[in-house]
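**Q** Just dropping this structure here.
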Amino acid sequence: MKRLPLQGIRILDLGVVAAIPYSTMVLGDMGAEVIRVETTQVFPHLTRGVLARPTRELAKQWITTSGGYPNDRDPGERPWNRYPFFNYMARNKLGMTVDLRKPSGREVFARLVRISDAIIENNTPSSLERMGITYEWLCGIRPDIIFVRLSSFGQTGPYRDYRAFGLQTESFCGHDLLGRYRDRDPSHNSWAVPSDHAGGMNAAIGCLMALIRRRRTGRGELVDVSMVESFLNDIGHIVMDYTMNGRVQESLGNRDRDAVQGVYRCKGDDRWVAITIATDEHWRGFIQAAGNPLWCNDRRFGTVCDRIRNQDELDPLIERWTLQYEHRAAAAILQHHGVPAGPVMDDADAYEDPHLKARGFFVPIEQADCGEHLYPGPAWKLSETPIQMRHPPVRLGEHNEYIYKQLLGYSDQEYEELEREGHIGTDYAAHIP
Amino acid sequence: MDLSNQPLAGVRVLDLTRHVAGPMCTKLLADYGADVIKIEQPGRGDPARWIGPFAGDIPHPERSGLFLHLNTNKRGLTLDLKSGTGREIFLKLASRVDILVESFRAGMMTSLGLDYATLRQLNPRLVMTSISNFGQSGPYRDWSASELVLYAMGHEMWGTGSPDAEPAGVANKLNLHLAGQAACLATLSVYFGAQLSGRGQHIDLSIMEVLAAAPDRRGVALVAYQYCGDRLRRQPAARVLDPPPFMNQCADGLFEILVGIDRWDAFVRAVGEDWIKDPSFKPPVRDPMITERFNRHWRPWVITRTKRELTQRFQEGGVPCAPLNTVADLAGDEQLMQRDFFVGIDHPLAGRLIYPGAPFKMNQTAYVIRRPAPMLGQHNAEIFGGLGYTAADLAALSANAVI
């Protein structure tokens with residue numbers, strides 16, 4: 001087998017919730033040996049579940065991403081190994097447990113650091129420091145170590161230790177006021193965490209840049225990723241409209257300044273098609289697709305500018321046409337006439353989508369506590385070293401033996417001792433609900 | 001300043017991208033030290049030059065905020081790839097770079113005779129990244145798309161918003177920027193491997209798939225659907241009886257707070273008023289009358305305070321909360337100021353403007369803006385000169401509309 005791009009790089013993953021677990025999944029996909037460092041003594045809320053041991057009744061009340069355990073929301077014997085949120089981002093990683101709050105745990109961790117290239121984390125900045133894990137401490141163990149730290153606001157500044165999940169970060173960085181309905185207040189928004197996506201990718205990018213520089217200079221680095229600052233780069237044009245022109249842009253809903261655009265109801269229950277009519281060519285395509293209805297010749301819809309100005313009048317006419325078709329059919333007809341259009345696909349549609357199927361986007365993975373399921377695969381394809389599912393979603397402490405004994409050289413006796421001290425295990429401590 | 005210390009110093013990139021996603025990818029490479037040569041079509045250039053907002057609201061191809069932000073630190077070249085000479089010049093450049101990123105419609109590079117199989121013969125180390133709407137294969141390969149169409153098809157749009165309204169979007173062009181970051185991540189990983197193996201790879205990145213694999217709900221919701229058979233539905237973030245309300249009108253806007261049982265005592269301490277000590281307010285609350293009674297005290301209290309004041313008070317008390325900021329709030333924000341986030345950049349035509357700065361900081365290497373976005377064809381003489389073309393050659397190429 002050909003060498004994977006990041007083969008030979010070992011990364012310790014101290015990530016929680018979404019941003020860093022996603023980041024390290026991608027690095028694992030690309031060939032790095034990612035080791036999740038977890039503990040059985042404290043339950044990581046929202047990382048391996050809302051609760052360690054929820055009842056099925058509770059799981060049924062939660063939204064799918066929190067309560068959607070396999071087999072009709074059955075949390076099972078070890079719910080933490082069946083949690084959909086975690087399992088999506090847990091492939092291609094190894095897992096070990098150690099309690100970093102204890103000096104003996106930090107000793108284990110130090111041995112691990114000595115043989116690793118990078119450490120990636122997204123805890124509240126002070127929480128690792130309270131356990132003595134700082135960049136300086138890590139450099140003392142391995143001078144060329146790369147330490148990637150992600151947080152909502154960054155590792156410096158007055159808000160450094162503010163507590164924020166994706167939700168708070170979104171509102172802080174302005175997204176709640178930008179991504180919403182035009183005619184409703186932001187309490188109608190549902191939760192969305194694109195800043196986790198943005199920040200998580202930047203953490204991996206920063207890690208790779210540091211690795212590239214280390215190869216050239218022999219020196220490691222501390223990478224400080226702020227989710228807010230990552231996000232603001234992803235809406236740079238909106239930020240610059242303010243810095244250039246003093247304009248505070250408001251939400252456009254699904255519309256666009258330079259096109260007639262929206263989602264329109266289709267035949268069926270809660271079915272929609274997204275359509276963008278930006279140019280005269282698109283407009284002519286739409287007219288043809290709609291079978292030349294008389295209203296298309298209306299003067300209010302003559303030019304691109306007319307149509308954008310009069311979109312309120314145009315929308316119900318477009319929807320009168322889309323309502324006749326099922327969402328996929330509406331999109332296919334419009335595409336046939338060169339109009340950008342696509343069905344709004346729910347989670348079930350995605351699995352049925354012929355394009356994603358043809359591209360092999362979904363991949364089957366069998367995991368001991370969940371059985372075999374299809375999972376969304378990598379977002380890109382490589383010509384020489386296709387991305388493989390080398391490890392199924394990692395179970396708590398799954399690779400303790402390998403990591404303690406093979407990698408770190410602990411004897412059987414020492415292993416048992418560490419097990420007794422509560423470092424090694426595959427279940428959360430019994431007192432955890 | 002010592003630029004040789006930048007993480008990507010010495011990495012050479014040829015950039016055939018335009019609009020948003022591709023330029024975002026190469027911006028990240030350029031801002032952290034790579035030498036990026038952006039190739040644009042003679043005449044009109046990158047279509048992003050014609051998309052607002054424009055500096056001073058004056059529409060002009062050198063004044064687009066979108067373009068200026070996405071193309072910092074790049075050198076600019078114009079070249080007609082369809083002409084024989086243009087192709088020849090491109091091949092010369094491609095033989096001496098490490099990375100090529102392109103975002104033409106799928107199949108375009110092949111029809112130009114510039115597919116990966118051809119290019120790797122010239123340069124086996126070349127890492128080539130192709131960014132397209134739907135990827136280089138599959139039934140939708142040639143479909144037309146907009147950001148909204150890709151979001152609708154790829155992302156969790158169906159589950160976003162209110163159940164009694166249409167599926168809702170995210171901030172304009174956000175998804176395309178995310179796709180650009182993904183392309184950068186893929187490119188750097190493959191480049192890291194190619195440095196060692198001496199052999200590059202072709203990356204086929206589909207924007208639809210970047211969104212379908214998003215950790216922002218979609219990827220997770222797809223796994224949950226596989227597991228339990230239920231789809232993620234449109235549902236507002238928080239509508240519960242437990243006080244306080246998730247979203248609150250305060251003196252100067254909106255303010256969000258998330259308390260719950262765990263942090264209730266911290267919340268009570270942070271408010272510090274007598275009325276809040278009523279034990280019946282403590283979650284979980286099952287009686288709407290109690291919620292209403294709480295709100296009768298809470299609303300007048302919260303409305304007299306600013307979102308900044310409230311955020312500081314509750315964060316210092318250990319309760320997660322946040323102001324709903326606008327970009328105007330952010331431009332004056334203390335945290336971003338102390339971290340020197342915003343950068344001022346001079347541009348010969350657009351003037352000095354304030355840009356969003358480093359998305360992440362590295363402690364050994366400074367984030368440096370070496371140059372603003374290139375004006376159309378700004379570096380033609382410099383780059384062609386480096387390839388051995390004379391001033392007379394350039395005049396001839398220009399007359400034939402090759403550059």
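The values are calculated or read from the model by the stated rules, or taken from the named source; none is laboratory data. This one's a predicted model, so the numbers in the text were calculated from it and none came from an experiment. When we count neighbours, we look across all protein chains shown, and the Cβ atoms used for this are built from the backbone with ideal geometry, even at glycine.
**Q** Which of the residues that make up segment B:195-217 are in a strand (DSSP E or B) and either crowded, with 24+ Cβ neighbours inside 10 Å or not charged (D, E, K, R) (or both)?
**A** The answer is B:His202, B:Ile203, B:Leu205, B:Ser206.
**Q** Those residues that are touching a Phe, Trp or Tyr at 6+ places or on another chain (Cβ under 8 Å), assigned to a loop (DSSP other than H, G, I, E, B) and either charged (D, E, K, R) or touching a residue at least 60 places away in the same chain (Cβ under 8 Å) (or both), I need them from segment B:345-357; list them, please.
**A** B:Pro356 - this is the single residue of segment B:345-357 that is touching a Phe, Trp or Tyr at 6+ places or on another chain (Cβ under 8 Å), assigned to a loop (DSSP other than H, G, I, E, B) and either charged (D, E, K, R) or touching a residue at least 60 places away in the same chain (Cβ under 8 Å) (or both).
**Q** Scanning for something among the hydrophobic types (A, V, I, L, M, F, W, C), more than 30 Å from B:Met153 (Cα to Cα) and not assigned by TED's automatic domain parsing to the domain that holds B:Gly169, does segment B:232-245 turn up at least one residue?
**A** yes
**Q** Mind telling me which of the residues B:Thr291, B:Thr306 ends up being in contact (Cβ under 8 Å) with a residue 12 or more places away in the chain, in contact with a Gly (Cβ under 9 Å, 6 or more places away or on another chain) and of a type outside the set (D, E, K, R)?
**A** One residue alone meets the criteria, B:Thr306.
**Q** Against the conditions (1) within 8 Å of chain A (Cβ to nearest Cβ); (2) touching a helix residue (DSSP H, G or I) at 6+ places or on another chain (Cβ under 9 Å); (3) surrounded by fewer than 24 Cβ atoms within 10 Å (Cβ to Cβ); (4) of a type outside the set (Asp, Glu), where does B:Leu119 fall short? Just the number, please.
**A** If we test B:Leu119 against (1) within 8 Å of chain A (Cβ to nearest Cβ); (2) touching a helix residue (DSSP H, G or I) at 6+ places or on another chain (Cβ under 9 Å); (3) surrounded by fewer than 24 Cβ atoms within 10 Å (Cβ to Cβ); (4) of a type outside the set (Asp, Glu), just (1) comes out false.
**Q** Here is a follow-up. Looking at (1) within 10 Å of chain B (Cβ to nearest Cβ); (2) surrounded by fewer than 24 Cβ atoms within 10 Å (Cβ to Cβ); (3) part of a loop (DSSP other than H, G, I, E, B), which is the only condition A:Thr47 fails?
**A** With (1) within 10 Å of chain B (Cβ to nearest Cβ); (2) surrounded by fewer than 24 Cβ atoms within 10 Å (Cβ to Cβ); (3) part of a loop (DSSP other than H, G, I, E, B) applied to A:Thr47, the lone miss is (1).
**Q** Exactly one condition in (1) touching a residue at least 60 places away in the same chain (Cβ under 8 Å); (2) more than 8 Å from every other protein chain (Cβ to nearest Cβ) is not met by A:Glu401; state its number.
**A** Failing condition for A:Glu401: (1).
**Q** Those residues that are charged (D, E, K, R) and crowded, with 19+ Cβ neighbours inside 10 Å, I need them from segment B:81-109; list them, please.
**A** Here is the first cut: in segment B:81-109, the residues charged (D, E, K, R) are B:82, B:87-88, B:92, B:96, B:98, B:102, B:105.
Scanning segment B:81-109 gives B:Asp98, B:Glu102.
**Q** For the condition at the interface with chain B (Cβ under 10 Å from one of its Cβ atoms), among the acidic types (Asp, Glu) and not in a strand (DSSP E or B), what is the one hit in A:Asp72, A:Asp99?
**A** Selected residue: A:Asp72, the only one of A:Asp72, A:Asp99 that is at the interface with chain B (Cβ under 10 Å from one of its Cβ atoms), among the acidic types (Asp, Glu) and not in a strand (DSSP E or B).
**Q** Now for a different question. Any idea which residue in segment B:358-391 is surrounded by the fewest Cβ atoms within 10 Å (Cβ to Cβ), counting only those that are among the charged types (D, E, K, R) and either under 25 Å from the mean Cα position of the chain (by Cα) or assigned to a loop (DSSP other than H, G, I, E, B) (or both)?
**A** Residue satisfying both the conditions and the ranking: B:Arg370.
**Q** Here is a follow-up. Give the residue, chosen from B:Val259, B:Val240, that is more than 7 Å from chain A (Cβ to nearest Cβ) and free of Cβ contacts under 8 Å to residues at least 12 places away in the same chain.
**A** Unique residue meeting the criteria: B:Val240.
**Q** Next up: Examine segment A:234-245 for a residue that is within 25 Å of the chain's Cα centre (by Cα) and more than 7 Å from every other protein chain (Cβ to nearest Cβ), and state whether such a residue exists.
**A** Looking for residues that are within 25 Å of the chain's Cα centre (by Cα) and more than 7 Å from every other protein chain (Cβ to nearest Cβ), one finds none in segment A:234-245, hence no.
**Q** Moving on to the next point. Restricting the search to segment B:53-71, which residues are touching a residue at least 40 places away in the same chain (Cβ under 8 Å) and within 10 Å of chain A (Cβ to nearest Cβ)?
**A** Within segment B:53-71, B:Ala55, B:Arg63, B:Gly65, B:Leu66, B:Phe67, B:Leu68, B:His69, B:Leu70 meet the criteria.
**Q** While we're here: So, A:Gly218, is that one farther than 19 Å from B:Val149 by Cα, within 7 Å of chain B (Cβ to nearest Cβ) and among the small types (Gly, Ala, Ser) or not? Walk me through it before giving the result.
**A** Working: farther than 19 Å from B:Val149 by Cα: yes; within 7 Å of chain B (Cβ to nearest Cβ): no; among the small types (Gly, Ala, Ser): yes.
For A:Gly218, the condition - farther than 19 Å from B:Val149 by Cα, within 7 Å of chain B (Cβ to nearest Cβ) and among the small types (Gly, Ala, Ser) - is not met.
**Q** Another question, if that's okay. Restricting the first residue to segment B:377-398 and requiring it to be more than 15 Å from B:Gly76 (Cβ to Cβ), which pairs with a second residue that is part of a loop (DSSP other than H, G, I, E, B) and of a type in the set (Val, Ile, Thr) meet a Cβ separation below 6 Å and a spacing of at least six or different chains?
**A** Here the result reads B:Leu397/B:Ile403, each pair linking segment B:377-398 to a residue that is part of a loop (DSSP other than H, G, I, E, B) and of a type in the set (Val, Ile, Thr).
**Q** Hey, A:Arg142 hits all of (1) in contact with a Lys or Arg (Cβ under 8 Å, 6 or more places away or on another chain); (2) farther than 30 Å from A:Gly422 by Cβ; (3) of a type in the set (D, E, K, R) but one; which does it fall short on?
**A** (2)
**Q** Just a yes or no: is a residue in segment B:363-374 under 20 Å from B:Met24 (Cα atoms), away from every other protein chain (no Cβ under 14 Å) and in contact with a helix residue (DSSP H, G or I) (Cβ under 8 Å, 6 or more places away or on another chain)?
**A** Taking segment B:363-374 and keeping what is under 20 Å from B:Met24 (Cα atoms), we get B:366-374.
With away from every other protein chain (no Cβ under 14 Å) added as a condition, the list becomes B:370-371, B:374.
Going one step further and asking which of them are in contact with a helix residue (DSSP H, G or I) (Cβ under 8 Å, 6 or more places away or on another chain), we end up with B:370.
So far as segment B:363-374 goes, yes, one or more of its residues are under 20 Å from B:Met24 (Cα atoms), away from every other protein chain (no Cβ under 14 Å) and in contact with a helix residue (DSSP H, G or I) (Cβ under 8 Å, 6 or more places away or on another chain).
**Q** Inside segment A:136-147, can you point out the residues that are of a type outside the set (A, V, I, L, M) and either touching a Gly at 6+ places or on another chain (Cβ under 6 Å) or surrounded by fewer than 20 Cβ atoms within 10 Å (Cβ to Cβ) (or both)?
**A** A:Glu136, A:Trp137, A:Cys139, A:Gly140, A:Arg142, A:Pro143, A:Asp144
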